[in-house]
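The values are calculated or read from the model by the stated rules, or taken from the named source; none is laboratory data. All of these numbers come straight from a predicted model, not from anything done at the bench. Don't worry about glycine lacking a Cβ; one is built from the backbone with ideal geometry, like all the others, and counts go over all protein chains shown. Ligands, DNA and RNA are stripped out before the accessible areas are found, and what is left, the full protein with its side chains, is counted by its heavy atoms. Shrake-Rupley method; radii C 1.70, N 1.55, O 1.52, S 1.80 Å.
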Amino acid sequence: MIYPKNNSFIRAFFHRYIGYILHSNFQDFNFNSIQIDQHKSVLLLANHFGWWDGFLLYWLNHKLLRKKFHIMILEDTVRKVFFLKYMGAFSVVKNSRSMIESLNYAAQLLEDPQNLVLVFPQARLYSNFVNDVHFERGLLKIMKQAAGKFQYVFAATFIEYFQHKKPTINVYVQKSVNETDSIEELKNLYQQHYESAKLLQTQIVL
């Protein structure tokens, strides 16, 4: 397993780099405002549809949630993109012994109210407008081990061009009021948020 590394210089440089590439590649970055409990950490659950996902939600955290960012991503990706571990990334290898270590680490991070842990429950890439959001069961270990220490925040991200040459990002964010430890119930709660967000997205007319 690859753990995050702390280097304030590298982190500051790539923080500016992420801001630059988002500004250069997208027309707008839109999101709604929510209030979170500052005395609890955040388990951020989001749909996973492309290369940009982690950067978009890193920036969402910077602009809105303002927690210490962590993201669980595939180990091959962490190895290929060296700076990710300096931006809070830690690795997971699916269906391996080290996967338990990764899930335990995620749960430990959630014990600190200053932390945010981003997990993509789908665990692989799906269409930006898929109907059903799949949840892998590994998330259940994090939920149970860190129960009572964190709050769920749901994010559903959609990207469309409309009248611009560059696409616009719309992130629909919701804090869940339910503190469930059931993976099925959590999936249903996220699915409700995702469907509502997709409906709002498809109703945009310019």
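Annotations
- Counting 0.36 nm for each residue step from K94 to Q108 and taking away their Cα separation leaves a gain of 3.1 nm.
- Beta bridges by DSSP in the chain, antiparallel share as percent, to the nearest 5: 25 percent
- Here the label points at S127 and K5, each 7 Å from Cα along the C-beta direction, are separated by 4.0 nm in the simple model.
- Stokes-Einstein diffusion of segment 148-206 at 4 °C, 1.567 mPa s viscosity, Kirkwood radius from Cα pairs, rounded to a whole number: 100 µm²/s.
- Accessible-area ranking of I10, I142, largest first, probe 1.4 Å: I10, I142
- For the pair T77 and Q203, a Förster radius of 41 Å applied to the C-beta separation gives a FRET efficiency near 0.75, rounded to the nearest 0.05.
- Kyte-Doolittle mean at least -1.0 and Cα axial length at least 27 Å: DSSP H helices in the chain: 183-202
- Portion, in percent, of the accessible area of the chain that falls on carbon or sulfur, probe 1.4 Å: 52 percent
- Probe 1.4 Å - accessible area at L140, Å² to nearest ten: 40 Å²
- The calculated FRET efficiency for A12 paired with K165, based on their beta-carbon distance and R0 = 22 Å, is about 0.10.
- Segment 131-206 - accessible surface per residue (Å², probe 1.4 Å): 52 Å²
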